[in-house]
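Chemist: Structure below; questions to follow.
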Amino acid sequence: MLRAYPHPYFWILHIDGSAVPNPGRMAIGALLTGPDGSVHEVAQALPGSGCNNEAELRALQAGLVLAQAQGARHLRIYTDSHWLLEQLAAQALGWPPARPTVRLAHWIGAAQAQLRGWAEVQWRWIPRHHNTEADALARQAGLASGASMPDTAALPLPRAA
């Protein structure tokens, strides 16, 4: 896992969501590392079914709740989801505005509301093979719920359109 600390007061959040099949049963994983090296995690199967993008959003939301509970004010978020970054961080990353995903507008709005009020939020995309701990938490939660989760680290990365 990539661990590059920007400042001593930043918390590092790695998130991952999965849906098997896609769409299907969703599970999320979030790994929060404090400036002091403390580690906090969430691994949860979600009720109902949804797509991988919804699972990514909900992993972010769970990670933000965890970070707030720990008193974090400065956060660097690592995700392997280009879609999530396009929806929530395009402007901060200097990317062109994304086409809205209407079906997930509720979850996007909820995540945007959660992101307000932080002293600072930084976003980073990382390749899937550097997000192994958050991915493992999501897969663990999916397996605990009875879903058959593939080894996502072994799957090829999608090409950008």
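Chemist: Looking only at the stretch 119-144, which residues are out of contact with any Leu (no Cβ under 6 Å at 6 or more places or on another chain) and in a loop (DSSP other than H, G, I, E, B)?
Modeler: ALA119, PRO127, ASN131 - these are the residues of the stretch 119-144 that are out of contact with any Leu (no Cβ under 6 Å at 6 or more places or on another chain) and in a loop (DSSP other than H, G, I, E, B).
Chemist: Looking only at the stretch 32-83, count how many residues are of a type in the set (S, T, N, Q), open to solvent by less than 60 Å² (accessible area, probe 1.4 Å) and touching a residue at least 40 places away in the same chain (Cβ under 8 Å).
Modeler: 4
Chemist: Out of all the residues in the stretch 5-33, which are of a type in the set (Ser, Thr, Tyr) and outside any loop (DSSP other than H, G, I, E, B)?
Modeler: Filtering the stretch 5-33 for residues of a type in the set (Ser, Thr, Tyr) gives 5, 9, 18, 33.
The answer is SER18, THR33.
Chemist: If you don't mind, another one. Scan the stretch 98-125 for residues that are among the β-branched types (Val, Ile, Thr) and surrounded by fewer than 17 Cβ atoms within 10 Å (Cβ to Cβ) and jot them down.
Modeler: THR101, VAL102
Chemist: Identify, by number, the condition in (1) at pLDDT below 95; (2) open to solvent by less than 70 Å² (accessible area, probe 1.4 Å); (3) small (Gly, Ala, Ser) that SER148 doesn't meet.
Modeler: (2)
The values are calculated or read from the model by the stated rules, or taken from the named source; none is laboratory data. Not measured: the values here are computed from a predicted model. Neighbour counts are summed over all protein chains in view; Cβ atoms, including those assigned to glycine, are modelled from backbone coordinates with ideal geometry. Just so you know, the surface numbers come from the protein's heavy atoms only, side chains and all, with ligands and any DNA or RNA stripped out. Shrake-Rupley method; radii C 1.70, N 1.55, O 1.52, S 1.80 Å.
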